[in-house]
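Trainee: Below you'll find the structure I mean.
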Amino acid sequence: MTSVPRTVTPLPLHDRDALVAAAGRLRAEVQRRIVGQGAVLDEILMSLIAGGHALLVGVPGLAKTLMVRSLAEAVHLEFRRIQFTPDLVPSDITGTEILEEDAASGARSFRFVHGPVFANIVLADEINRAPPRTQAALLEAMQEHSVTASGQTMSLPEPFFVLATQNPIEQEGTYPLPEAQLDRFLFDIRVGYPSEQDEIEILRNTTGSVSDALETVLGASELMALQRLTREVVAADSVLQYAASLVRATRPDDSRAPELVKQYVRWGAGPRAGQSLILGAKANALLGGRLVVSPADIKRVATPVLRHRVLPNFAAEAESVGAERIIEDLLARIEPPRSDIRI
């Protein structure tokens, strides 16, 4: 499915306050349609302005797809949805060559037809439904923002953002994502059940008259300016050291790893996790109207950054010790920089 481009009033790309305010309006606009799930929406927006990709994990019916559709509706960007199924092949995602014949001359030539990955926002719905070779078709696109087909490398439109959804309870006929592909996602976002009051509000909103269309808030140039501004947010050396300490402590062979990690972790997080911690923290600071990262920003994004990069071992599975418990233990044990605690 392709969204219809709409007009959006251009923002001054060098006005930081205007760009940050636009990000806040984007959140508010999507929140008009999505009841609750504020933390989830914040993490999606952090991924978007940090220039990363996000994996949404939750049981059916929690508005994962609706949230992505609403985000796409509120931005002036091309949107495609790919429903992953067991019979999906790589060319269904990247595109394929077709043979064309000129009716007048009879000359034949090949033409490459772009697949749905050639869009700004790509929703990979139920990504674990497709076999590994089809999942792998997204790897180059997610990492390099390009697609290689028929010996040619073609750039994807910028900005490029993949949001994938996954059902954690229905595993029959699914193909778990390999660690190499999971590492391409900036955040692993968990979508939980709504509160009782939110659920009542959902029933009220979805069983009445059809809701109005969302207003377009951001365009491609504004979003790319926000992504550049995110990277300009300052992270002090002490904050970089804190992020590195957290990541290194997830590795069981590191001398500073706590006992819980040594006992229950098979593989710890790699250097990309540290990059994701800093970028996510910068995005969180920017959404909060700040241009300096604090240790609180690192703590805020630590769980969505690390939960899919810390791999528990068999002993952890046997004793129901999950990645989130290990991350909580790390955050409690590793002291943030004292000079920055009150920032």
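Each value in this text was obtained by applying a stated rule to the coordinates, not by laboratory testing. Since we're looking at a predicted model, the values are computed, not measured. Cβ: placed from backbone, ideal geometry, glycine included. Neighbour counts: every protein chain shown.
Trainee: Being of a type in the set (D, E, K, R) and touching a His at 6+ places or on another chain (Cβ under 9 Å) is the filter here, so list the residues in segment 142-191 that pass it.
Mentor: First, the residues of segment 142-191 that are of a type in the set (D, E, K, R): 144, 158, 170, 172, 179, 183-184, 188, 190.
Of everything in segment 142-191, those that are of a type in the set (D, E, K, R) and touching a His at 6+ places or on another chain (Cβ under 9 Å) turn out to be 158, 179, 183, 184, 188.
Trainee: Which residue is surrounded by the fewest Cβ atoms within 10 Å (Cβ to Cβ), if the candidates are limited to segment 134-184 and must be among the hydrophobic types (A, V, I, L, M, F, W, C) and part of a helix (DSSP H, G or I)?
Mentor: Residues of segment 134-184 that are among the hydrophobic types (A, V, I, L, M, F, W, C), as a first pass: 136-139, 141-142, 147, 149, 154, 156, 160-164, 169, 177, 180, 182.
Next, only the ones that are part of a helix (DSSP H, G or I) stay: 137-139, 141-142, 180, 182.
On the way: 137: 21, 138: 26, 139: 13, 141: 22, 142: 20, 180: 10, 182: 15.
Step by step, filter segment 134-184, then rank; the result is 180.
Trainee: Scanning for something more than 30 Å from residue 199 (Cα to Cα), buried (at least 20 other Cβ atoms within 10 Å of the Cβ), free of Cβ contacts under 8 Å to residues at least 40 places away in the same chain and in contact with a strand residue (DSSP E or B) (Cβ under 6 Å, 6 or more places away or on another chain), does segment 84-107 turn up at least one residue?
Mentor: No, every residue in segment 84-107 fails to be more than 30 Å from residue 199 (Cα to Cα), buried (at least 20 other Cβ atoms within 10 Å of the Cβ), free of Cβ contacts under 8 Å to residues at least 40 places away in the same chain and in contact with a strand residue (DSSP E or B) (Cβ under 6 Å, 6 or more places away or on another chain).
Trainee: Given the options 249, 236, name the one that is among the small types (Gly, Ala, Ser), under 20 Å from residue 325 (Cβ atoms) and either surrounded by 19 or more Cβ atoms within 10 Å (Cβ to Cβ) or more than 22 Å from the chain's Cα centre (by Cα) (or both). Talk me through it step by step, then tell me what you get.
Mentor: On the way: 236 fails: under 20 Å from residue 325 (Cβ atoms).
After applying the criteria, what remains is 249.
Trainee: Of all residues in segment 14-66, which are assigned to a loop (DSSP other than H, G, I, E, B) and either in contact with a Cys (Cβ under 9 Å, 6 or more places away or on another chain) or closer than 20 Å to residue 119 by Cα (or both)? Give the derivation first.
Mentor: In the first step, residues of segment 14-66 are kept if they are assigned to a loop (DSSP other than H, G, I, E, B); the result is 14-15, 32-37, 51-53, 58-63.
Correct list: 51, 52, 53.
Trainee: Also, I was wondering about something else. Return the pair list, or none, for Cβ contacts closer than 7 Å from residues in segment 142-162 that are of a type in the set (Asp, Glu) to residues that are part of a helix (DSSP H, G or I) and surrounded by 14 or more Cβ atoms within 10 Å (Cβ to Cβ), at least 6 apart or on different chains.
Mentor: The qualifying pairs are 158/224.
Trainee: Considering only residues that are surrounded by fewer than 20 Cβ atoms within 10 Å (Cβ to Cβ), touching a residue at least 60 places away in the same chain (Cβ under 8 Å) and within 20 Å of residue 23 (Cα to Cα), which ones fall in segment 48-68?
Mentor: Scanning segment 48-68 gives no hits.
Trainee: Across segment 143-174, what is the total count of residues that are farther than 24 Å from residue 118 by Cα and not hydrophobic (A, V, I, L, M, F, W, C)?
Mentor: Start the filter on segment 143-174 by keeping residues that are farther than 24 Å from residue 118 by Cα, which leaves 167-174.
Okay, now just the ones that are also not hydrophobic (A, V, I, L, M, F, W, C), so 167-168, 170-174.
Qualifying residue count, segment 143-174: 7.
Trainee: From (1) among the aliphatic types (A, V, I, L, M); (2) under 30 Å from residue 181 (Cβ atoms); (3) surrounded by fewer than 20 Cβ atoms within 10 Å (Cβ to Cβ), pick out the condition that doesn't hold for residue 30.
Mentor: Every listed condition holds for residue 30 apart from (3).
Trainee: Another one. Regarding residue 328, is this residue surrounded by fewer than 16 Cβ atoms within 10 Å (Cβ to Cβ) and not in a helix (DSSP H, G or I)? Write out each step before concluding.
Mentor: On the way: surrounded by fewer than 16 Cβ atoms within 10 Å (Cβ to Cβ): yes; not in a helix (DSSP H, G or I): no.
No: the conditions fail for residue 328.
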